[in-house]
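Scroll down for the structure; my scribbles are underneath it.
Taken together, the values in this text are just the output of simple stated rules run on the coordinates, not laboratory data. Quick caveat: nothing in here was measured; it's all calculated off a predicted structure. Positions of Cβ are generated from backbone atoms using ideal geometry, with glycine treated the same way; all protein chains shown enter the neighbour counts.
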Amino acid sequence: MGLDQYIGELLYRYNCVIVPGFGAFLTQMKSAVLDEKSHSFSPPTKVISFNEQLSSHDGLLVSYMADAESMSYEKMLHHVEDMAQQWKKQLHKGQRISLPHIGTLKLSREEKILFQPSKSVNYLTSSFGLSSFVSQPVLREELKQEVAVLEEKIPFIITPEKRETASSRPYLKYAAILLLALSTGLTGYRVYEQDLLNTQIVNEQAQEQVSKNIQEATFFNTAPFELPVLTVEIAKKDTGVQHHIIAGAFRVRKNAEKKVIQLQAKGYNAQYIGINKHGFHQVTYATFNNAPEANTYLKEIKRTVSKDAWMLSIR
């Protein structure tokens, strides 16, 4: 299977799939749409977007592909990074990259990647089997006009003699016209009431899916801006505040342990400090008890090693 197929499979379950060294494909929930003018209905869906700034490796795509292909993690990571470099070269040559059922990528004049999402697949699993459709409008005013025209065409000849004899035939004509109008109006109202009921059910399902997606939101190892200080309770001997300089947060603990070994080999006092409230395994460059020393070390790390580093203070 190609890289685009693995990305598509993960988009069904996650809101963010990062291609290391290239960018991230993101999904956002879009509610059902009912257009009263065109009488069309579109089910809830996931809208796909692309952000080339989110290129930090989080291990999700590579781990998934390595398991599927029965390949080592390191070898698969090298394969995905090579594919990302090939995509960049194609874009710089002015070529378009078409990812079936995901979208099309091209490079703008400002050297930025532009993404046009595909609408052929709805990655929202709760909308499986639902498709857009156009319903027949309820034409109440037109039916009233037809009845009025019909009344004008039917002759009603009433003479004084017939009034005196109280003939019932003219009233039968009025009764037939009234019955026709009532039956037509009731049929149209039932169709309209059923359409409203169906729309209400779809909206309730969409709201339930929004709440579920918020609970299952995917977090990734990137920091495009200064993150706020988080508080995580972990076991420690010191009762004071510890300041951790975070090197990364990983979904898989194995990836976090690999990161610790890599940093320690480079001379850092790296540690694994446990799982945060989002279920990610955190790794630090170093840990300090003194806040000014921690801030100074963080500035040095951001300047010389990684701009994505940040500080986590825990009491």
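For this structure, a couple of remarks:
- Taking the average, over residues, of other Cβ atoms within 10 Å as the packing measure, peptides 70-77, 244-251 rank 244-251, 70-77 from highest down.
- Residue list for region 268-289, given a label point 7 angstrom along the Cα-to-Cβ vector of Arg253 and an amide N cut-off under 20 Å: 270-285
- Inter-label distance, Lys30 to Leu178: 5.1 nm, where each label sits 7 Å from its Cα along the C-beta direction.
- Pairs exceeding a 25 Å alpha-carbon distance, out of Lys119/Lys277; Lys75/Lys307; Lys106/Lys258; Lys46/Lys259; Lys46/Lys106: Lys119/Lys277; Lys75/Lys307; Lys106/Lys258; Lys46/Lys259.
- Inter-site label distance for Lys119 and Thr296 at 7 Å from Cα along Cβ, in nm: 5.9 nm
- Efficiency of FRET from Cβ geometry, Glu81 and Tyr12, R₀ 25 Å, rounded to 0.05: 0.55
- With R₀ fixed at 51 Å, the C-beta to C-beta distance from Ser49 to Ile261 puts the FRET efficiency at about 0.90.
- Where only alpha carbons of region 1-92 are counted, the Rg and the Dmax (Å): 16.4, 55
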